[in-house]
1. Can we say LYS108 is in a strand (DSSP E or B) and modelled with pLDDT under 90?
2. Just checking, which of THR230, THR248 is on the phi < 0 side of the Ramachandran plot, in a loop (DSSP other than H, G, I, E, B) and of a type in the set (Ser, Thr, Tyr)?
3. Of the residues GLY196, GLY207, which is at pLDDT below 90, within 30 Å of THR127 (Cβ to Cβ) and in contact with a Gly (Cβ under 8 Å, 6 or more places away or on another chain)?
4. Would you please name the residue that is farthest from GLY216 (Cα to Cα), looking only at residues in region 152-165 that are in contact (Cβ under 8 Å) with a residue 24 or more places away in the chain and not basic (Lys, Arg)?
5. If a residue must be assigned to a helix (DSSP H, G or I) and either of a type outside the set (Lys, Arg) or surrounded by fewer than 14 Cβ atoms within 10 Å (Cβ to Cβ) (or both), how many such residues does region 122-176 contain?
6. Any idea which of (1) within 18 Å of ILE93 (Cα to Cα); (2) at pLDDT below 90 is the one VAL243 doesn't satisfy?
7. Mind telling me which of the residues LEU288, LEU324 ends up being at pLDDT 85 or above, under 30 Å from THR127 (Cβ atoms) and among the aliphatic types (A, V, I, L, M)?
8. Test ASP283 against the criterion of being under 38 Å from the mean Cα position of the chain (by Cα), of a type in the set (Asp, Glu) and modelled with pLDDT under 85, and give yes or no.
Amino acid sequence: MLQFAHVNILWFLVSIPLLLAGYLFHRRNRRRALRNLGDEDLINYLMPDLSRPAQTWKFIFSLVALTLIIIAAAGPRIGTRLQEVEQKGREIIIALDVSNSMLAEDVKPSRLERSKQIISRMVDRMTNDRIGLILFAGDAYTQIPITDDYPSVKMFLESAGPDMVSKQGTAIGSAIALAARSFPEILPEKESAPAGANRAIVVITDGENHEDDAIGETQKAVEKGIRVYTVGLGDPNGVPIPVKAGSTATRRDKEGNVVVSKLNEKLLIEIASAGEGAYIPGDRISSLIDELDKLQKEEFKSKLFSDYAERFQYFAGFGLLFLLFEFLIRSRKIPFIQKLKLFRSEI
């Protein structure tokens, strides 16, 4: 489908019918003036070299050329092209805890909102890297497969919350296992490089793991050459959990006791150690970025949508061709051409 990069320029096409109307009006007035001057046959006899059809064709070619040049200036283009390019960067999957405990406000504005800010800053620092996003609570779900489409990552990140998962809890191990499976397969020609040397999993959570073996899943990820980093948010002494974001009401257990959520730094440090990564407190985001910068940047193939296939050159080329035709046509008759009788009939 033909599209235009500069649609507003097409408004100049309005001048084409106006120019045509002006030419027809001028030609009618000129013929009327010649008839008032004297006998038309006599006037034609007195101007034997004047070629009225040639003048008409000159105008037609000029008008067509102007039309094509206006269209060319509007930037016509067709579709998109999918190109596979080589990029050198890192592949990072973020596993974000969206369990109810992340609504606690011991970290302002809340653990969850602070986590989103951390991820957003990481994305802003990325160039030629690929990133994926996994949300987890009682189970883990892929929110964004690994990609270099940073705006989409930030857009989906904004909507992340406890309501996006059906099962509550904190299954850090499931998140790490899913993240490890989400990396693309290493191409055969790249097997000579250290496997996964540019790959990392970043787990952002309060560390309250209730579901699975997070250490065991971390060790499996390391076997694939993937490093695991952890970011901890919350107060180790514990704080109540709001019923929902911004609410003053707190969650209570079946006995009516206030549910308290604590930061489990010990577990997060153990995961980071087993994952050959690092544990980063939530208030030291720059340290996390520095740690990720230590990862090697490996080449990987990425499919990108390139710019539209430009087609302005065709319109511009034909426009110049019609201008050349207009230039070559003389308003006066050429003896050689006159013998060919190309302009024998009048228009």
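The values are calculated or read from the model by the stated rules, or taken from the named source; none is laboratory data. Just so it is clear, the model here is predicted, and its values are computed rather than measured. Cβ atoms come from the backbone with ideal geometry, glycine included; neighbour counts cover every protein chain shown.
1. Values: in a strand (DSSP E or B): no; modelled with pLDDT under 90: yes.
No, not satisfied.
2. Of THR230, THR248, the one residue that is on the phi < 0 side of the Ramachandran plot, in a loop (DSSP other than H, G, I, E, B) and of a type in the set (Ser, Thr, Tyr) is THR248.
3. GLY196
4. At the first step, the residues of region 152-165 found to be in contact (Cβ under 8 Å) with a residue 24 or more places away in the chain are 153-154, 157-158, 160-162, 164-165.
Remaining after also requiring not basic (Lys, Arg): 153, 157-158, 160-162, 164-165.
Details: VAL153: 29, LEU157: 28, GLU158: 31, ALA160: 27, GLY161: 27, PRO162: 26, MET164: 26, VAL165: 24 Å.
Filtering region 152-165 for residues that are in contact (Cβ under 8 Å) with a residue 24 or more places away in the chain and not basic (Lys, Arg), the one farthest from GLY216 (Cα to Cα) comes out as GLU158.
5. Total satisfying the criteria: 20.
6. For VAL243, the failing item is (1).
7. Exactly one residue qualifies, and that residue is LEU288.
8. Working: under 38 Å from the mean Cα position of the chain (by Cα): yes; of a type in the set (Asp, Glu): yes; modelled with pLDDT under 85: yes.
Judged against the criteria, ASP283 is a match.
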